[in-house]
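Below you'll find the structure, written out as structure tokens, and then a few comments.
The values are calculated or read from the model by the stated rules, or taken from the named source; none is laboratory data. Just so you know, these numbers come straight off a predicted model, no measurement behind them. Cβ atoms come from the backbone with ideal geometry, glycine included; neighbour counts cover every protein chain shown. Quick note on the areas: whole protein, heavy atoms, side chains included, nothing else; ligands and nucleic acids left out. Shrake-Rupley method; radii C 1.70, N 1.55, O 1.52, S 1.80 Å.
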Amino acid sequence: METVFKNISKIKYEGPKSRNPLAFKHYNPVEIVEDKTLRDHLRFSVVYWHTFRGTGSDPFGVGTAIRPWDDGSNSVANAENRARVAFEFIEKLGAPFYAFHDRDVAPEGKTLRETNKNLDAVVKVLKEEQKHTGIKLLWGTANLFTHPRFVHGAATSCNADVFAFAAAQVKKALEVTHELGGAGYTFWGGREGYSTLLNTNMKRELDHLARFLHLAVDYKKQIGFKGQFYIEPKPKEPTKHQYDSDAAACLNFLREYDLLDDFKLNIETNHATLAGHTMQHELEVAGAAGALGSIDANTGDELVGWDTDQFPTSVYLTTQTMLAILKYGGFTTGGLNFDAKVRRESFEPVDLFHAHIGGMDAFARGLKIAAAIRKDGRLAKFVEQRYASWDSGIGAKIEAGKAGLVELESYLLKQGEAAPNVSGRQEFLENLINEFI
Ligand code: XLS
Ligand code: NI
Ligand code: NI
């Protein structure tokens, strides 16, 4: 089947000298870095929601995107056709994975039963397309935020029926993800948060959210779904305060409710910056807790303080991201999922290719640069030496739990003063990184 993108052939690697906008300059999927192919390191994934359902609408204007294959209707036939087009796109791009919400791929019906039937029809097409293209599902998820029933949230709604509806929806989404061999399943909080505390019982809402996730874990085991569960932190939008506001908040919540063993985090770049953190920070918090699962790769605008979901193009950012990923042993179930959308002004289908090619090339460069920094070893050595006082003597004793306050006091009484500090050398290290970029 070849229809929509007939003027675009499979995107090939042509090397850094190529001037072909529809070729990779840096992403050579079979190239080996640190004993693994780029394809296996980066595990690129295309998102269904932005790339095949995004219209380019914003609060001030209607959609602008030209998508000749989409008849604009809510019919199942249109959804099935769209799914075939999506796979044609992903295959030509050469991304090994995709991700979707239940409602991206199939229209909502009048009743839950009808909605599930619509989903089954499209899942049949997805399954066929996965089979003949070899493209796999990175993760599935349920849209628990668009429909007006979710106005007060889903798992944290004040309306118990809405909790039940969301639970039924997740049940179905888990079955479908399982059927499609998904490597994971993501819970992004949607409207799990509040607009005002005046009408909110926060404790009760958090208890309900935990109950909801426990139900999902139970059902996952019941159906034998082996994929990884993720929570995706985000601090605001759509609600004023989202409960899963950042990696630390998510980890604390998971720990408090005894869910830590069953979840990892899916860290999104633009969510990290909205939370007032860097991506590097969020990856480090997740990684240090052994919970770094997957990445929603995008970027925000430096001047617009909102979730603009732009394609990542900064090599500095991708280098930092890949340094963290390599440090924590690389992706296992996760990958680099482009939760990003083309700008409203980029309304032609070919823009979808430019956007993804750019993101993939930026990450290929980030990976190669990160690997070179690691091979060089100076950065790691610097950090190691910075903590040398902990490797022996009093430091080693403290770390081993063998020194109490009494001993520390007598140590210092003998020393008289702490050993002198050494410069943190931030500028030196920044220059070092730039040697490789
Ligand atoms: C929204 C989130 C969402 C999740 C999937 O900001 O990024 O797209 O990734 O529900
Ligand atoms: Ni996301
Ligand atoms: Ni987002």
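For the reader, a short list of remarks on this structure follows.
- Yes/no for residue 190 being under 25 Å from the mean Cα position of the chain (by Cα) and either crowded, with 18+ Cβ neighbours inside 10 Å or part of a strand (DSSP E or B) (or both): yes
- Restricting segment 245-273 to residues that are in a helix (DSSP H, G or I) and in contact with a Phe, Trp or Tyr (Cβ under 6 Å, 6 or more places away or on another chain) leaves a set whose member that is nearest to ligand 3 (Cβ to nearest atom) is 254.
For (1) of a type outside the set (D, E, K, R); (2) closer than 23 Å to residue 189 by Cα; (3) out of contact with any Gly (no Cβ under 7 Å at 6 or more places or on another chain), each residue gets a yes or a no:
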residue: 248; (1), (2), (3): yes, yes, yes
residue: 264; (1), (2), (3): no, yes, no
residue: 285; (1), (2), (3): yes, yes, yes
residue: 297; (1), (2), (3): yes, yes, no
residue: 316; (1), (2), (3): yes, no, yes
residue: 330; (1), (2), (3): yes, no, yes
residue: 358; (1), (2), (3): yes, no, yes
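- Complete set of residues in segment 8-51 that are closer than 28 Å to residue 374 by Cβ, of a type in the set (Ser, Thr, Tyr) and touching a residue at least 60 places away in the same chain (Cβ under 8 Å): 27, 45
- Any hit, segment 171-184, residues being open to solvent by 30 Å² or more (accessible area, probe 1.4 Å) and within 16 Å of ligand 3 (Cβ to nearest atom): no
- Residue list for segment 279-299, filter: in contact with a helix residue (DSSP H, G or I) (Cβ under 9 Å, 6 or more places away or on another chain), in a helix (DSSP H, G or I) and either more than 16 Å from ligand 2 (Cβ to nearest atom) or at pLDDT below 95 (or both): 280, 281, 284, 285, 287
- Applying the condition of being assigned to a helix (DSSP H, G or I) and aromatic (Phe, Trp, Tyr) to segment 310-355 and asking which residue is nearest to the chain's Cα centre (by Cα) yields 316.
- The listed residue being loosely packed, with under 10 Cβ neighbours inside 10 Å and either at positive phi or not aliphatic (A, V, I, L, M) (or both), out of 389, 423, 410: 423
- Top-ranked residue of segment 244-273 - restricted to ones that are buried (at least 21 other Cβ atoms within 10 Å of the Cβ) and of a type in the set (Asp, Glu), ranked as nearest to the chain's Cα centre (by Cα): 268
- Boolean, residue 276 is open to solvent by less than 20 Å² (accessible area, probe 1.4 Å), at pLDDT 95 or above and either assigned to a loop (DSSP other than H, G, I, E, B) or under 24 Å from residue 100 (Cβ atoms) (or both): no
- Screening 151, 162, 176 for residues that are β-branched (Val, Ile, Thr) and under 22 Å from the mean Cα position of the chain (by Cα) leaves exactly one candidate, 176.
- Of the residues making up segment 216-261, those that are touching a residue at least 40 places away in the same chain (Cβ under 8 Å), acidic (Asp, Glu) and under 21 Å from residue 173 (Cβ atoms) are 232, 244.
- Any hit, segment 324-334, residues being on the phi > 0 side of the Ramachandran plot, open to solvent by 50 Å² or more (accessible area, probe 1.4 Å) and away from ligand 3 (no atom under 16 Å from the Cβ): yes
- Subset of segment 212-243 that is under 12 Å from residue 265 (Cβ atoms) and in a loop (DSSP other than H, G, I, E, B) - its residue that is farthest from the chain's Cα centre (by Cα): 234
- Checking residue 181 against (1) touching a strand residue (DSSP E or B) at 6+ places or on another chain (Cβ under 6 Å); (2) on the phi > 0 side of the Ramachandran plot; (3) of a type outside the set (S, T, N, Q), the condition it does not meet: (1)
- Taken together, 110, 124 contain a single residue that is without any contact (Cβ under 8 Å) to a residue 24 or more places away in the chain and either crowded, with 20+ Cβ neighbours inside 10 Å or more than 23 Å from residue 183 (Cβ to Cβ) (or both), which is 110.
- Any hit, segment 256-270, residues being aromatic (Phe, Trp, Tyr) and within 16 Å of ligand 2 (Cβ to nearest atom): yes
- A Cβ distance below 7 Å, combined with a sequence gap of six or more or placement on separate chains, defines the contacts here; from segment 57-73, residues that are among the polar types (S, T, N, Q) and loosely packed, with under 14 Cβ neighbours inside 10 Å reach residues that are at pLDDT 95 or above and part of a loop (DSSP other than H, G, I, E, B) in the pairs 57/63.
- Among the numbered conditions (1) surrounded by fewer than 19 Cβ atoms within 10 Å (Cβ to Cβ); (2) at pLDDT 95 or above, the only one that residue 233 does not meet is (1).
- For residue 158: the one exception among (1) open to solvent by 10 Å² or more (accessible area, probe 1.4 Å); (2) at positive phi: (2)
- Residues of segment 195-211 satisfying the condition of being assigned to a helix (DSSP H, G or I) and under 21 Å from residue 236 (Cβ atoms): 197, 198, 199, 202, 203, 205, 206, 208, 209
- Close pairs (9 angstrom Cβ cut-off, 6 or more residues apart or separate chains): on the phi < 0 side of the Ramachandran plot and more than 13 Å from ligand 1 (Cβ to nearest atom) in segment 303-314, among the polar types (S, T, N, Q) and not in a loop (DSSP other than H, G, I, E, B) anywhere: 305/273; 311/299; 312/269; 312/299; 312/318; 312/321; 313/299; 314/299
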